[in-house]
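The values are calculated or read from the model by the stated rules, or taken from the named source; none is laboratory data. Being a predicted model, the structure only gives us computed values, none of them experimental. Heads up, the Cβs are rebuilt from the backbone with ideal geometry, glycines too, and the neighbour counts pull from every protein chain shown.
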Amino acid sequence: MPQATGHEGREPRPDAEWWRAFFLGSFGTLQLGGLREATAAAESAFLIEMLDLAPGSRVLDVPCGSGRHARVLAGHGIAVTGVDFNGKLISHAVERAEGLQPRPQFSVGDMRALSYAEEFDAAFCFWGSFGYFDPEGERAFARGVHASLAPGGKFLIDTPVVESLLPGFLPRRWWWLGEGDDRVRVVEELHYDLESGRLNVAWLFQRGAGEESHDVSMRLYTCQELCALLRSVGFSRFRLVETLSGKPFEIGSERLSLIAIK
């Protein structure tokens, strides 16, 4: 196994808006190149089951990235609205959605400033896109999603939590992303801050002789804390399952999918 060199033990020091540079950099390029497209069908089937979606359902996907879930859901007759701050990804999503019926609707926007009012039957935030902001930013996002849902609407958050990540915590790991000439080696140095409850990660992207680094920070909630946050903005009932398997979530499960009901 190749070893990371020159970066071991570097403590990440992310700024408050680290996500802008991260998703506009190498990671965003990988998304434009089709990152995780192969998993979109299975993930969308999971969303359909957990959110009780049917043809004609109206769904909010935020952040939507390149629209990979929206395109699959459209094939099931589901009307998807996607929001993401990254204009390049939104342009890509719009282009790829050409000809689909119902055609997904995409817009550039801040997930903390959603302005919909009871327009959707369900919403989802998939692939660890929750926990990026300060406490008020997190509440603003949760409030916006709650306001966007019709009564009885469901909100699914797929994310690592304390109960999933810490039992098998690895302070250093690496893997390959992408394929062919676009393949990138990713190295992570992880630091969990016990005082703030944030997971701070130094990411290193290596392609050929070049490399690019980013410092990332996300709040790592416990299940109880995540339920409490959502309850504080109006959600009333919760279901906790393991992402993709749908089995009841338990300590050591790989990822949490929390379904909150308005």
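General observations
- Filtered residue count, the range 89-102, keeping only those that are surrounded by fewer than 15 Cβ atoms within 10 Å (Cβ to Cβ) and in a loop (DSSP other than H, G, I, E, B): 3
- Residue that is modelled with the lowest pLDDT, among those in the range 137-186 that are of a type in the set (Lys, Arg) and not in a strand (DSSP E or B): 183
- Residues satisfying the stated conditions in the range 69-95, i.e. more than 24 Å from residue 113 (Cβ to Cβ) and either at pLDDT below 95 or out of contact with any strand residue (DSSP E or B) (no Cβ under 7 Å at 6 or more places or on another chain) (or both): 71, 72, 75, 76, 77, 95
- Any chance residue 139 is outside the structural domain of residue 196 (by TED's automatic domain parsing), in contact (Cβ under 8 Å) with a residue 12 or more places away in the chain and either among the hydrophobic types (A, V, I, L, M, F, W, C) or within 25 Å of residue 39 (Cα to Cα) (or both): no
- Where a residue in the range 41-56 is without any contact (Cβ under 8 Å) to a residue 60 or more places away in the chain and at positive phi and its partner, wherever it lies, is of a type outside the set (Val, Ile, Thr) and outside any loop (DSSP other than H, G, I, E, B), with Cβ under 9 Å and at least six apart: 56/79; 56/121
- Matching residues in the range 142-196 - criterion: being exposed (fewer than 15 other Cβ atoms within 10 Å of the Cβ), without any contact (Cβ under 8 Å) to a residue 40 or more places away in the chain and assigned by TED's automatic domain parsing to the domain that holds residue 241: none
- Some residue of the range 66-84 being among the basic types (Lys, Arg), under 18 Å from the mean Cα position of the chain (by Cα), closer than 21 Å to residue 23 by Cα and assigned to a loop (DSSP other than H, G, I, E, B): no
- Subset of the range 123-177 (residues that are charged (D, E, K, R), more than 16 Å from the chain's Cα centre (by Cα) and under 28 Å from residue 48 (Cβ atoms)): 143, 154, 163
- Taking the criterion of being at pLDDT 90 or above and assigned to a helix (DSSP H, G or I), the residues of the range 1-27 that qualify are 18, 19, 20, 21, 22, 23, 24.
- Residue selected from the range 222-245 under the condition exposed (fewer than 13 other Cβ atoms within 10 Å of the Cβ) and polar (S, T, N, Q), by the criterion nearest to residue 154 (Cα to Cα): 236
- Evaluation of residue 208 against (1) under 20 Å from residue 19 (Cβ atoms); (2) not basic (Lys, Arg); (3) not assigned by TED's automatic domain parsing to the domain that holds residue 42 (one fails), failing number: (1)
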